[in-house]
Amino acid sequence: MPASGSFLLDTNIIIHLLSRDEVVVARTQDASEILIPIIAIGELFFGASKSSRPKENKIRIQELAAQNSVLLCDFEVAREYGEIKQELRALGKPIPENDIWIAAIARRWELSLVTRDRHFQGIQRLQIAAW
């Protein structure tokens, strides 16, 4: 189980981390634990596959995953996903499917989701941190 003071990084924050954004790097160093959702790993591999340097970028993703805890989807994450998707549908505010899964992981483990995407703000009971 993730520790208190742990942060789940959204894909956009991971990209800033891999790009050595000073603010993001400093914040990750101050965090007690950095966690990566498995969905973000998939998004990163997709981006790496279509990049001009796929081999190098895939190696960086593998190193990132090896240095941090990667959270997977389980039954409780799936339950959260279903609830979040219904909440958003009822509000008429759909968001990308992968982001619903990332939010579900954050809610399941009661983690702060670090993101710069505003559409997460419409999700109930989701703690958000903007770095």
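The table that follows gives values for the structure above.
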item: Checklist (1) touching a Phe, Trp or Tyr at 6+ places or on another chain (Cβ under 7 Å); (2) in a loop (DSSP other than H, G, I, E, B); (3) basic (K, R) applied to K58, failing item; result: (2)
item: Matching residues, the stretch 46-88, being more than 29 Å from Q124 (Cα to Cα), hydrophobic (A, V, I, L, M, F, W, C) and surrounded by 14 or more Cβ atoms within 10 Å (Cβ to Cβ); result: A48, I61, L64
item: Residue ID - surrounded by the most Cβ atoms within 10 Å (Cβ to Cβ), chosen from residues in the stretch 90-106 that are part of a helix (DSSP H, G or I) and of a type in the set (V, I, T); result: I102
item: Enumeration of residues in the stretch 107-127 that are in a loop (DSSP other than H, G, I, E, B) and either more than 17 Å from L8 (Cα to Cα) or over 14 Å from the mean Cα position of the chain (by Cα) (or both); result: I123, Q124, R125
item: Qualifying residues in the stretch 4-32 (those that are surrounded by 11 or more Cβ atoms within 10 Å (Cβ to Cβ) and outside any helix (DSSP H, G or I)) - the one modelled with the lowest pLDDT; result: G5
item: Qualifying residue in the stretch 113-125 (condition: more than 14 Å from F7 (Cβ to Cβ), of a type in the set (A, V, I, L, M) and without any contact (Cβ under 8 Å) to a residue 40 or more places away in the chain); result: yes
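The values are calculated or read from the model by the stated rules, or taken from the named source; none is laboratory data. Given the structure is predicted, the values throughout are model-derived calculations rather than measurements. Ideal geometry is used to build each Cβ from the backbone, glycine not excepted, and the neighbour counts take in all protein chains shown.
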